[in-house]
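Colleague: First the structure, which I've put down as structure tokens, then a few questions once you've had a look.
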Amino acid sequence: MEKIVIEGKNRLSGEVSVGGAKNAVLPIMAACILNDGENTISNVPDLADVRTMMKLLETLGARCEYTDGELLVDSSTINRYKAPYDLVKTMRASVLVLGPLVARFKKAEVSLPGGCAIGERPIDQHIKGLRILGTSVQLEDGYVSAVAEKLEGTTVPFDLSTVTGTENIMLLASVCEGETVILNAACEPEVVDLANALNLMGARIEGAGTDIITITGVSSLGPLEGYSVMPDRIEAGTLMIAGALNESDLLIRNCRFEHLGALTGKLLQTGTKIEKNGNSIRVRGTGEIKSIDFSTLPYPGFPTDMQAQMMILMCVADGMSVITENIFPQRFMHTAELRRMGADIKLVGNSAVVRGVPEIRGAPIMASDLRASASLVLAGLCGAGRTEVSRIYHLDRGYEKLDEKLQSVGASIWREKE
């Protein structure tokens, strides 16, 4: 096991590039189950979750090859429909193979998913959608067991917005007979990226990016050829926070400004300087950080995946802020570690009350989940002295070489064996 060590307070300056989006490539990989050929995907980040999905597809019988951001998925040899617990337990996105397996084999056995410990994330909306489209679903010994006789398109009304639920039903409905309409669909850019990939494979999907998505089923899909995954908006946002700390000046390349509206608006309120230049964003910290309140909401609201990182800025801001977590109310496990560094944070229900302090100080701290690990790295950047972040395997699930990227722009950061 490794840990990340940081000597804080360095001013960052220079250029850094954003990689492909983890939350976009995983459903696109699952979509490869729907065809019977060689699929090629580019701008694929080298992440633990991508490797896990590759292993899962190989367990189903596919052949996967990854080289320098290019991924080949040969789905012609897929001959199994069971996704085992040992793989699914480590990554919630594994549940995305459920819809494609039902579409391909008319049956599937998928272990209930795991992933980060950030609170309960049930898959009841996935199951509801599968049943509405004609699938019999049972929960047996920790597995979702699904069998379909005849799949027919119809209206699927979600009780709440769910990204992976929307994606699972899109995947299945792409090859269902007739028209499927998803109501209260998730609007996230990653859903749009999946729809774009499916349409290139021959699907007929309209309305992605809105809360009503219409899918006209087709008899079969072809392979995906050279599709480039969208940039990771959460990595971009994390780097933007880094640019706002320590009076830094960062040019963040390969990102989409239109995906970062809620975060950009809040950063501007803190006094951070932000400039858009094509596919790049320049972020400059002024040294005077104003406290603000914010609440997490489904896209296009403030993303829950940026809550922990934004909290770091509030820890050293001038004044008091109230951070309300509406998506995963228990997603505050990073606060205990930040208190060890001298942060003043009190939890009240699903809100955190943060009083800015003049300085936080380095300490040994431990990551509890993916986004919390990124926030602790940011805390180390602005904390005085030495910070050691353990359990960084969480970080490697969703950030490709974040420590090396930060090092390239002036951070004093490196890895050591624990």
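Colleague: Under 20 Å from a label point 7 Å along Cα→Cβ of ARG361: give me every residue in region 1-37 with its amide N that close.
Modeller: It comes to 5-10, nothing else.
Colleague: Please arrange ILE132, ILE123 by how many other C-beta atoms lie within 10 Å of their C-beta, fewest to most.
Modeller: By the 10 Å Cβ count, ascending, the order reads ILE132, ILE123.
Colleague: Gap in Å between the Cα centre of region 134-203 and the Cα centre of region 1-76?
Modeller: 22 Å
Colleague: Further, regarding this structure: Answer with one residue from MET366, LEU57, LEU260: the one whose Cα lies farthest towards the positive end of the charge dipole of the chain, charges on Cβ with Lys, Arg +1 and Asp, Glu -1.
Modeller: MET366
Colleague: Turning to a different aspect of this structure: Could you please report the charge total around GLU416, scoring K, R as +1 and D, E as -1 over all other residues with beta-carbon less than 9 angstrom from its beta-carbon?
Modeller: Cβ neighbours under 9 Å give a net charge of 0.
Colleague: Would you list MET320, MET201, MET314 from fewest to most Cβ contacts within 10 Å?
Modeller: Result, fewest neighbours first: MET320, MET201, MET314.
Colleague: Same structure again: Using the 10 angstrom Cβ neighbour count as an exposure proxy, how do LEU245, LEU194 rank, fewest first?
Modeller: Listed from fewest to most nearby Cβ atoms, that is LEU245, LEU194.
Colleague: Something else now. Taking the convex hull of the Cα atoms, report for region 22-222 its projected area averaged over all directions, in nm².
Modeller: 9.6 nm²
Colleague: Shifting gears a bit: Given a Förster distance of 56 angstrom, what is the FRET efficiency for TYR66 paired with GLU288, based on the Cβ-Cβ distance and rounded to 0.05?
Modeller: 0.80
Colleague: Once you order the gyration tensor axes a ≥ b ≥ c over the Cα atoms, which shape class does the chain get: rounded for a/c under 1.5, otherwise prolate or oblate by comparing a/b with b/c?
Modeller: In terms of gyration-tensor shape, prolate.
Colleague: What is the gain in length, in nm to one decimal, between GLU275 and GLN330 on full extension, counting 0.36 nm per residue of separation less the C-alpha to C-alpha distance?
Modeller: In short, 16.4 nm is gained.
Colleague: Next question, about the same structure. Residues in region 288-302, backbone N under 19 Å from the label point at VAL353 (7 Å along the Cα-to-beta-carbon vector): list them, ranges by number please.
Modeller: 291-296
Colleague: May I ask for the angle, rounded to the nearest 10°, between helix 48-59 and the longest principal axis of the chain, with both axes built from Cα atoms and the value confined to 0 to 90°?
Modeller: Compared with the principal axis, the helix lies near 20 degrees.
Colleague: Moving on to the next point. With everything on Cα atoms, drop me the angle between helix 22-31 and the longest principal axis of the chain, reported from 0 to 90° to the nearest 10.
Modeller: Computed tilt is about 10 degrees.
Colleague: Here's a follow-up. Can you tell me the 0 to 90 degree angle between the C-alpha axis of helix 163-173 and the longest principal axis of the chain, rounded to 10?
Modeller: 20 degrees
Colleague: How big is the gap, in Å, between the Cα center of region 236-256 and the Cα center of region 360-395?
Modeller: 18 Å
Here, each number is a calculation from the coordinates, and none is a lab measurement. Just so it is clear, the structure is predicted and the values come from calculations on it, not from any experiment. No Cβ is skipped: glycine too gets one built from the backbone with ideal geometry, and neighbour counts run over all protein chains shown.
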